[in-house]
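The values are calculated or read from the model by the stated rules, or taken from the named source; none is laboratory data. This structure is a prediction, so every number in the text was calculated from the model and none was measured. Here the Cβ is made from the backbone with ideal geometry for all residues, glycine too, and neighbour counts use every protein chain on show. Heavy atoms of the whole protein, side chains included, go into the accessibility calculation; ligands, DNA and RNA do not. Shrake-Rupley method; radii C 1.70, N 1.55, O 1.52, S 1.80 Å.
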Amino acid sequence: MNYLLLGILGTLAGAGMYMWFSTFPESAAVFPKLIAISCFALPGVASVVKGIRDGDAARLSPDGFSKFAAGIKESNKSKGFWGTWALFAATVLYVVGTYLIGFFPSTALYFLAVLLGIYRMPIKGTLIYSISSVAFLYIFFAVIFHIPA
Amino acid sequence: MYNGLWEGILICFAPINILAVMAGCIVGIIVGTLPGLSGAVACSLLLPLTYGMDPATSMMMMLGAYSAAVYSASIGGTLYNIPGSASGAATTVEGFPLTKQGRANDALCMCIMASFVGGTIGFLCLFLTAPLISVIALRFGPAEMFSIAVFALSVIATLAANRPIQGIMSCGLGLLLGCVGIHSLTGFFRMTFSIPYMLEGMHTVWVILGIYAFPQIINMGITVFSNQLDQLSDVEVKPWNIKWTLQMLWKRKWLALKASLLGAVVGAVPGTGASIAAWIGYAEAKRTVNDEEFGNGAISGIIGAETANNAVIPGTLIPLITLGIPGSGSSAVILSGLVMAGLNVGPRLFSEQSALVWSIIISSFVANVAFLIVGLLGIRYATIILKIPAAYFVPIIASVTVIGAFVPRVHIFGVFVTMFLGCAFYVLSNTLKFPAAPILLGFILGPIAESNCQRAMQLYRNDYTKFFTRPISLLFLALAVYMIAREVIKGSRKTVK
């Protein structure tokens, strides 16, 4: 079971639903919004965290990731694990940084972090983490804190 | 408290109702024996037939099917190591070794008798506790009903399939399906996609057939093409020895009593069900019986598992008829039958329709007697059901599903919705391991939770704190938070390990 994939799908679904339900009249939207957050977005986040801790990104692609999976599972487990968390933290900082220091400086710093990640981790895994994390966090922040994505 | 008991007994023993319960038992035994088809599927296939039926007759037919399906789940497991559903898996551990020893008749006879004992003790629990709970439930306001619905949803989502994340998301899907249609307070069309047939919302039958019957048609179709069940060898089932069975049951009477009580309690907790109860009963047998070798055909294992899983059935009826809260997929289908018959299911059902409620309670016992008779008479022909090729069942189930989906709104749109839901759920359950029961329970409990929340807000003038200051409401909300937090912490610890 790939919890990272489930988490990304769940979070995106929850966020999308929340935005859709925001167009409903207030009293008709309360319950559906609650469902979107509590049954999709939050379990989705929990699933992403579980997926990252389990090293699920390695199983996202059927062919190109087998080496990456082997790397994480056998000789390179701690490197893959901590590299993943470092990238996840960098992605969080990137989204927050976009609002604090602006889009371009933050993007530049983020790409630097991704390059460092690639140096420490196989390229495909890093890219998958980066793209999915940015998408997921952008929408998650937009939903939770009402920041226009 | 016991008003309407005599009328209920008279309703139960009306000839038409006896015929209905026998017919339900036969359908339940056939469907329950087939691999992959559970009591919920048996009840969902019968649900469309209950249109226009008297509520008591329809309830008796569905309870007969449910009880027989839970028992017959162990037939395939005992004879061929292929349990009909998860509720028969615990019995298989001891039943199949007995068959290999040439004692299939002993195993099957014990399954029937133990199921009957479990169901009867469960019925006594229901008979004694339901009137008491219904008196207490009458004092519940909308805040309490909302909290109970939230608690039930949290338990169902976290316990349904040992996968809390998928359970919660499944529950969310069901809740969203329950939101489709005109919003009662504002008149706003929610998620109707401008389709006129969606204005009244999703019909319960569409959802039930979509998540229970249609995916089984796909599964059975795959079985037909791969011929998975065509290679079953013949198993000789000798005539049953009732005297030996009763002696064994008497010898293990305390185990049967304990396992039955455990089963009834498990059944009363939303989201658990017969499979969990069967394993708890089996574990109790292993814990208390020392003079039998478990795993090699221990009769006590069969007694523990079968008494517990059949005691669940009356147990699930306790929250259903006192609070209107279904505890499992099968009881949700039974609740849908009551709602379709025009009854207002909830805490007031007992006081407003006491004769009908008593007839439902008594019918849980009548269903036991019916499947005991049908089961004992048909024990020698048990292998025949399993040897009928799945190819014969697929068109029957498909026809019942299509007709059942068409009937509620007399329009082909219902068939399309059922097929869409069925395909979507088949993909979700096979790829992301989404369980079925939380979707149905979310669909049924969602409108209960929303309407009670709205009523509470109107009653308490939009004061949210009332949910936390009323003690019963606070208790159930705290339990809901505890259930989810416990699963999250457990999952987190597993991951770290």
Next on the checklist: Can you give me the solvent accessible area of B:M191 with a 1.4 Å probe, rounded to the nearest 10 Å²?
Outcome noted: 20 Å²
Checklist outcome for this item: In nanometres, the difference between 0.36 nm per residue of separation and the alpha-carbon distance of B:I388 and B:I489 is 31.7 nm
Checklist entry - B:S399 versus B:W254, label points 7 Å from Cα toward the beta carbon: distance in nm? => result 5.4 nm
Checklist outcome for this item: Under the Karplus relation with 6.51, -1.76 and 1.60 and θ = phi - 60°, whole-Hz ³J(HN,Hα) for segment B:24-31, x at Gly and Pro, equal x, 4, 5, 4, x, 5, 5, 5
Next on the checklist: Whole percent per 5 Å bin, from 0 to the bin with the longest distance: what is P(r) over all C-alpha pairs of segment B:310-350?
Outcome noted: 6, 27, 34, 24, 7, 2
Next on the checklist: For the pair B:Y51/B:E352, report the inter-label distance in nm, with labels modelled 7 Å from Cα in the Cβ direction.
Outcome noted: 2.4 nm
Checklist entry - What angle do you read, to the nearest 10 degrees and between 0 and 90, between the alpha-carbon axis of helix B:329-340 and the longest principal axis of chain B? => result 50 degrees
Checklist outcome for this item: At R0 = 25 Å the Cβ-Cβ FRET efficiency linking B:R287 and B:N241, nearest 0.05, sits at 0.35
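Using only helices, what value at 222 nm comes out for chain B when you add -39,500 (n - 2.57) per DSSP H run of length 4 or more and divide by the total residues, to the nearest 500 deg cm²/dmol? Each step should come with its number before you reach the end.
On the way: 23 runs with 361 residues, N = 497.
Helix-only estimate at 222 nm: -24000 deg cm²/dmol.
Going by average Cβ density within 10 Å per residue, which order do the peptides B:70-76, B:199-205 take, highest to lowest?
Details: B:70-76: 33.3, B:199-205: 19.3.
The densest-packed peptide leads the list: B:70-76, B:199-205.
Please average, across the residues of B:433-446, the number of beta carbons from any other chain that are within 10 Å of each residue's own beta carbon, and give a whole number.
1
Of the GluC sites (Glu not before Pro) in segment B:283-330, which ones lie in a loop per DSSP and count no more than 11 other C-beta atoms within 10 Å?
Details: sites: B:E284, B:E292, B:E293, B:E306; in loops: B:E292, B:E293.
Filter output for segment B:283-330: B:E293.
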Checklist entry - So, in nm, how far is label B:R139 from label B:V339 when the simple model puts each one 7 Å beyond its Cα toward the Cβ? => result 2.9 nm
Checklist entry - Could you state the number of Å between the C-alpha centres of segment B:294-331 and segment B:1-62? => result 17 Å
Next on the checklist: Skipping prolines and chain starts, which residues have an amide H placed within reach, meaning under 5 Å, of the one on B:I182, given they are 5 or more residues away or on another chain?
Outcome noted: B:R190, B:G201
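Can you compute the FRET efficiency between B:L124 and B:W6 using 1/(1 + (r/R0)^6), with r the Cβ-Cβ distance and R0 = 22 Å? Round to the nearest 0.05.
Details: r = 18 Å, r/R0 = 0.83.
The pair B:L124/B:W6 has a calculated efficiency of 0.75.
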Checklist entry - Tell me, what ³J(HN,Hα) does each residue in segment B:317-327 have, in order and in whole Hz, if you take phi through Karplus 6.51 cos²θ - 1.76 cosθ + 1.60 with θ = phi - 60° and put x for Gly and Pro? => result 6, 4, x, 5, 8, 8, 10, x, 10, x, x
Item to check | Greater than 18 Å apart at Cα, pairs in B:K387/B:K433; A:K33/B:K466; B:K258/B:K286 | outcome: B:K387/B:K433; A:K33/B:K466
Checklist entry - Mind checking the mean number of beta-carbon atoms from other chains within 10 Å of the Cβ atoms in B:187-194? => result 3
Checklist outcome for this item: chain B accessible area per residue, 1.4 Å probe, protein heavy atoms, integer Å², reads 40 Å²
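Whole number please: convex hull volume per residue, Cα atoms of segment B:55-208, in Å³. Please report the intermediate quantities before stating the final value.
Working: hull volume 27.4 nm³, N = 154.
Once divided by residue count, the hull of segment B:55-208 is 178 Å³.
Go through B:D463, B:D54 and list them by solvent-accessible area, largest first, probe radius 1.4 Å. Mind showing how you got there, number by number?
Details: B:D463 55, B:D54 80 Å².
Descending order: B:D54, B:D463.
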Checklist entry - Once you average over the residues of A:29-42, how many Cβ atoms of partner chains fall within 10 Å of each Cβ? => result 6
